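Below you'll find the structure, written out as structure tokens, and then a few comments.
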Amino acid sequence: MSQVEIIAEIANAHQGDPDQAKRLAEESLSAGVDAVKFQIYFANELLVKNHPRFDHFNAQSFTPETWIDMISGIKANKGRVYCDVFGLNAFSVAKDSGADGFKIHSSDLNNDSLLHLVAKLDKKVFLSTGGSTIREIVYAVNILSNHGIRPVLLHGFQGYPTNLNESALSRITWLKQYFGEVCDIGYQDHVDADDPFSFNLPIIAIGLGALTIEKHVTLNRSAKGVDYYSSMEPLELANFVKIIRQCETAISSDPESFEKSEIKYRTTVKKHWVSSTNLIKGDILCPSDLIMKRVGDPKPDFVEAHHLLGREIINDLSVDHAVCRADVRTVVWAIVVARSQSSRLPGKALIDVAGMPAIKHLFERLKQAKSIDKILFCTTVNPEDDSLVKIAESSAINYYRGPVEDVLGRMLGAIQGRKVDVIVRVTG
């Protein structure tokens with residue numbers, strides 16, 4: 001599978017101290033996360049002045065110069081940095097800092113101005129969907145999609161911490177069902193970091209299709225600073241990353257393919273149809289001639305009984321012989337495809353060659369092929385192809401008439417319901 005992107009969410013765990021924010025970012029990146037994420041906001045564009053938490057956010061925010069210096073420094077050391085932007089001024093600071101991507105909080109899913117500005121930068125965009133209706137999600141997704149952006153929808157919300165029974169991981173499946181064609185899906189975990197499920201829920205989310213996992217981080221959870229509830233400490237984060245990477249190895253990137261060990265397992269245990277008795281060349285296989293058993297040596301892939309029963313055996317077979325398609329007569333049809341219309345050489349199939357239409361020469365030559373059981377002529381329903389049908393009839397060749405532009409559709413229609421093993425397409 002595609003590698004799950006793990007993002008360390010610093011949020012307000014820096015306690016309003018830029019040096020602590022930088023240290024959190026550096027230790028998170030050292031723990032193995034793919035990116036760190038900062039929340040950039042300014043109290044005067046996040047809240048009204050009489051909001052009870054205005055002073056709190058005002059004290060936690062940094063100056064534009066501090067943000068730009070800190071983020072550019074982290075990026076200079078090859079760190080990937082995303083930014084939550086809680087307004088137009090916050091967006092400008094994140095942009096000037098060289099942020100690698102932007103997250104729009106669920107409270108801003110209807111913020112046209114912010115969405116359009118973010119979309120125009122052609123960078124990765126995350127949309128938080130916690131507490132948002134499908135109408136609000138569709139509104140934001142449409143704006144980004146119109147700019148050619150494929151956003152990541154992040155399920156989850158902060159409940160300080162979020163109760164386990166409120167996590168609603170089934171919404172990941174719901175988001176994937178409704179938005180999977182135009183969006184990727186992720187999970188932002190906010191369960192109590194002391195709960196074992198702080199490790200388990202992201203793993204379940206990955207199994208449901210999440211390609212991004214966001215985790216809050218803090219330097220010391222026991223200090224119970226701002227945003228400590230669901231935050232992991234650096235050592236816990238490193239272990240978390242290790243576990244997620246191990247889980248990734250258990251999820252195949254190609255569910256239809258087998259690993260070498262599974263191929264060996266299949267070869268060892270898969271039963272094959274084997275002859276229940278000695279069989280003589282020319283016998284017609286019937287159900288009592290076959291029984292399913294494991295065979296000791298590697299064999300070609302399994303053959304369904306309907307490809308064998310009722311077929312003539314072409315060689316003597318001893319008891320317990322693993323019967324494959326090479327042991328029975330194969331039904332081969334040659335399908336000649338032609339029509340009168342042609343942009344390169346109109347009517348080419350009717351051109352006289354040595355006193356006979358070209359396509360009649362083709363029919364006669366095919367009749368000489370000993371490995372072909374039946375010849376079928378495929379043409380269109382157009383009246384102008386009636387003359388081709390008459391030639392087929394005069395050559396004792398069966399025909400089928402189908403769509404004018406759909407050549408494959410004509411061929412499939414010709415063999416529908418017929419017992420054919422191999423089709424040889426012959427261009428007319």
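Taking each residue of the stretch 385-404 that is farther than 11 Å from VAL337 by Cα and looking for partners that are acidic (Asp, Glu) with beta-carbon atoms closer than 8 Å, six or more apart or interchain, yields SER395/GLU364.
Open to solvent by less than 50 Å² (accessible area, probe 1.4 Å) and of a type in the set (A, V, I, L, M, F, W, C): which single residue out of ALA76, ALA94 fits that description?
So the residue among ALA76, ALA94 that is open to solvent by less than 50 Å² (accessible area, probe 1.4 Å) and of a type in the set (A, V, I, L, M, F, W, C) is ALA94.
Might you let me know whether the stretch 210-230 holds any residue that is open to solvent by 30 Å² or more (accessible area, probe 1.4 Å), under 17 Å from ASN12 (Cα atoms) and either in a helix (DSSP H, G or I) or modelled with pLDDT of 95 or more (or both)? Yes, that holds for at least one residue. Consider the stretch 101-144 and keep the residues that are open to solvent by less than 60 Å² (accessible area, probe 1.4 Å) and in a loop (DSSP other than H, G, I, E, B). The one that is farthest from THR173 (Cα to Cα) is LEU121.
Give me the residue from the stretch 318-350 that is of a type outside the set (A, V, I, L, M), without any contact (Cβ under 8 Å) to a residue 40 or more places away in the chain and not in a loop (DSSP other than H, G, I, E, B) and, out of that set, surrounded by the fewest Cβ atoms within 10 Å (Cβ to Cβ). The selected residue is LYS348. Taking first residues from the stretch 230-248 that are within 22 Å of GLY156 (Cα to Cα) and partners that are open to solvent by less than 30 Å² (accessible area, probe 1.4 Å) and among the aromatic types (Phe, Trp, Tyr), the Cβ contacts under 9 Å between residues at least 6 apart in sequence or on separate chains come to MET232/PHE240.
Considering only residues of the stretch 231-253 that are open to solvent by 50 Å² or more (accessible area, probe 1.4 Å) and either in contact with a strand residue (DSSP E or B) (Cβ under 7 Å, 6 or more places away or on another chain) or of a type in the set (A, V, I, L, M) (or both), which is nearest to ASN163 (Cα to Cα)? Per the stated criteria, the residue is LEU235.
Residues that are open to solvent by 50 Å² or more (accessible area, probe 1.4 Å) and in a helix (DSSP H, G or I): does the stretch 147-163 have at least one? No. Can you say whether ASN12 is closer than 28 Å to LEU117 by Cα, among the polar types (S, T, N, Q) and open to solvent by 60 Å² or more (accessible area, probe 1.4 Å), as far as the supplied structure shows? It is false that ASN12 is closer than 28 Å to LEU117 by Cα, among the polar types (S, T, N, Q) and open to solvent by 60 Å² or more (accessible area, probe 1.4 Å). Is one or more of the residues making up the stretch 263-279 without any contact (Cβ under 8 Å) to a residue 12 or more places away in the chain, farther than 30 Å from ARG311 by Cα, open to solvent by 80 Å² or more (accessible area, probe 1.4 Å) and under 31 Å from the mean Cα position of the chain (by Cα)? Looking for residues that are without any contact (Cβ under 8 Å) to a residue 12 or more places away in the chain, farther than 30 Å from ARG311 by Cα, open to solvent by 80 Å² or more (accessible area, probe 1.4 Å) and under 31 Å from the mean Cα position of the chain (by Cα), one finds at least one in the stretch 263-279, hence yes. The number of residues in the stretch 49-59 being open to solvent by 90 Å² or more (accessible area, probe 1.4 Å) and either outside any helix (DSSP H, G or I) or touching a residue at least 24 places away in the same chain (Cβ under 8 Å) (or both) comes to 4. So if I check each of PHE62, PHE38, which one is in contact (Cβ under 8 Å) with a residue 40 or more places away in the chain and more than 33 Å from the chain's Cα centre (by Cα)? From the options PHE62, PHE38, the qualifying one is PHE62.
All conditions but one from (1) touching a residue at least 24 places away in the same chain (Cβ under 8 Å); (2) under 31 Å from the mean Cα position of the chain (by Cα); (3) not in a loop (DSSP other than H, G, I, E, B) apply to ILE251; the one that does not is (3). For SER387, the conditions (1) open to solvent by less than 40 Å² (accessible area, probe 1.4 Å); (2) part of a helix (DSSP H, G or I); (3) not acidic (Asp, Glu) all hold with the exception of (1).
The values are calculated or read from the model by the stated rules, or taken from the named source; none is laboratory data. In this text the structure is predicted, and so the values were computed from the model without any measurement. Note that we place each Cβ from the backbone using ideal geometry, even for glycine, and neighbour counts take in every protein chain shown. These area figures cover heavy atoms from the full protein model, side chains too; ligands, DNA and RNA do not enter into them. Shrake-Rupley method; radii C 1.70, N 1.55, O 1.52, S 1.80 Å.
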